[in-house]
1. Suppose we keep only residues that are in a helix (DSSP H, G or I) and in contact (Cβ under 8 Å) with a residue 12 or more places away in the chain within segment 97-112. Which one would you say is most open to solvent (accessible area, probe 1.4 Å)?
2. With respect to residue 81, determine if the residue is part of a strand (DSSP E or B), over 22 Å from residue 327 (Cα atoms), among the hydrophobic types (A, V, I, L, M, F, W, C) and away from ligand 1 (no atom under 16 Å from the Cβ).
3. Take the conditions of a type outside the set (A, V, I, L, M, F, W, C), closer than 30 Å to residue 125 by Cβ, open to solvent by 10 Å² or more (accessible area, probe 1.4 Å) and in contact (Cβ under 8 Å) with a residue 40 or more places away in the chain and apply them to residue 240. Does it pass?
4. I'm trying to understand the selection: among the residues of segment 309-327, which are modelled with pLDDT under 95, over 13 Å from residue 46 (Cα atoms) and surrounded by fewer than 17 Cβ atoms within 10 Å (Cβ to Cβ)?
5. Taking the condition of being open to solvent by less than 20 Å² (accessible area, probe 1.4 Å) and among the polar types (S, T, N, Q), how many residues in segment 45-96 meet it?
6. Can you pull out every residue in segment 50-70 that is within 15 Å of residue 132 (Cβ to Cβ) and within 13 Å of ligand 1 (Cβ to nearest atom)?
7. Determine, yes or no, whether residue 172 is away from ligand 1 (no atom under 16 Å from the Cβ), surrounded by fewer than 24 Cβ atoms within 10 Å (Cβ to Cβ) and at pLDDT below 95.
8. Would you confirm whether or not segment 40-49 contains a residue that is in a strand (DSSP E or B), in contact (Cβ under 8 Å) with a residue 60 or more places away in the chain, in the same structural domain as residue 315 (by TED's automatic domain parsing) and within 16 Å of ligand 1 (Cβ to nearest atom)?
Amino acid sequence: MHAIALNSPAPLDANPLQWREVDTPSPGIGQLLIKVAACGVCRSNLHMVEGDWVDGGVPAISPIIPGHEVTGTVAALGDAVEGFAVGDRVGVQPLWWTCEECEYCTSGREQLCHRRKITGEHVNGGYAEYMLSNAAHTYHVPESLDLSEAAPLFCPGITAYGAVQKLDLGPGATVAVFGLGGVGHMAVQFAGLAGADVIAVGRSADHLRVAREVGATRVVDATAEDPGEVLAESVDAAITFAPSDAVTEQALKALAWGGTLVAGVPVSVSGFPFNKAQTIKASILGNRTQMNEVLALAAQGKVRSIVDRFSLPNAPEVLGRLAAGKLRSRAVLENRTE
Ligand SMILES: [Zn+2]
Ligand SMILES: [Zn+2]
């Protein structure tokens, strides 16, 4: 098979990724071989490729095949796999394996398992014609969904859903979503489904247009006005997906007294006041139940991901476009080999 492989992390300009022939893996006990249909291109792929996470032990193997929002069809089954058949349409999210034993795994918070293995970071991922999955973290993709459009449900979708579920949103609540890329445009939809008025805050005209298309009741162009000032202390909740201290500061300025900020990116805050009784929470991914809820909502047509389609060998160029902010929404790499 062919895959995009990373030997050692380096800036994209140094061409650290190669499209090359590698052995097709064979599934072990409890594993599936998936013929990849599509894999979303995530900013965390860029962080790994460029070496930002080397100190954290990522990538854990070398060479490694990146990619963790993957759909495809089952090509082969390892021993002891139940509930899947060759030809089934399936998907894999960043959680590739969890221990099933620790306090997090046994309380429905497996995304916090300290022994978790992340797809495309600890094991080979979906920038390839085939990949292995672990049956316990493999999902059926509903027939009504296009496999390319479904791929981002497995990272932006679950990330946005997990973040929105950390809020107690209901009709009449106002929530501002800061950062409208692949994750943000999904968060706008999940917040809208909860009945909230959704204000989308972003810097790209394309992103703001998409946010309106998917149901934002108001958009704020952060290049034209200061969202912290125009929304001053008016929103019940804010969600941030833009990794910028300036954005966190704007979101906190926008937040009403008693409001909650959910951060889907790192946060550094100074001078956080106690007298406004606000809450800051962080959110990462979601559990398996939530992942299946995301797939069900998509199958019912209640949420959709908007994708830009590319061919798998073009991964380096697509990551370059992501780095330069030149993507309309989520990019997916399609495996177009027969
Ligand atoms: Zn991702
Ligand atoms: Zn665990």
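1. Taking the candidates together, the pick is 112.
2. Values: part of a strand (DSSP E or B): no; over 22 Å from residue 327 (Cα atoms): yes; among the hydrophobic types (A, V, I, L, M, F, W, C): yes; away from ligand 1 (no atom under 16 Å from the Cβ): yes.
In short, no.
3. no
4. Scanning segment 309-327 gives a single hit, 326.
5. 3
6. Answer for segment 50-70, where residues must be within 15 Å of residue 132 (Cβ to Cβ) and within 13 Å of ligand 1 (Cβ to nearest atom): 66, 67, 68, 70.
7. Against the criterion (away from ligand 1 (no atom under 16 Å from the Cβ), surrounded by fewer than 24 Cβ atoms within 10 Å (Cβ to Cβ) and at pLDDT below 95), residue 172 qualifies.
8. Taking segment 40-49 first, the residues in a strand (DSSP E or B) are 40.
Subsequent filtering for residues that are in contact (Cβ under 8 Å) with a residue 60 or more places away in the chain retains 40.
Filter again for in the same structural domain as residue 315 (by TED's automatic domain parsing), leaving 40.
Restricting the remaining residues to those that are within 16 Å of ligand 1 (Cβ to nearest atom) gives 40.
Yes, some residue in segment 40-49 is in a strand (DSSP E or B), in contact (Cβ under 8 Å) with a residue 60 or more places away in the chain, in the same structural domain as residue 315 (by TED's automatic domain parsing) and within 16 Å of ligand 1 (Cβ to nearest atom).
The values are calculated or read from the model by the stated rules, or taken from the named source; none is laboratory data. This structure is a prediction, so every number in the text was calculated from the model and none was measured. Cβ sites come from the backbone with ideal geometry, for glycine too, and all protein chains shown count toward neighbours. Please note that ligands, DNA and RNA were not included when accessible areas were found on the heavy atoms of the full protein model with its side chains. Shrake-Rupley method; radii C 1.70, N 1.55, O 1.52, S 1.80 Å.
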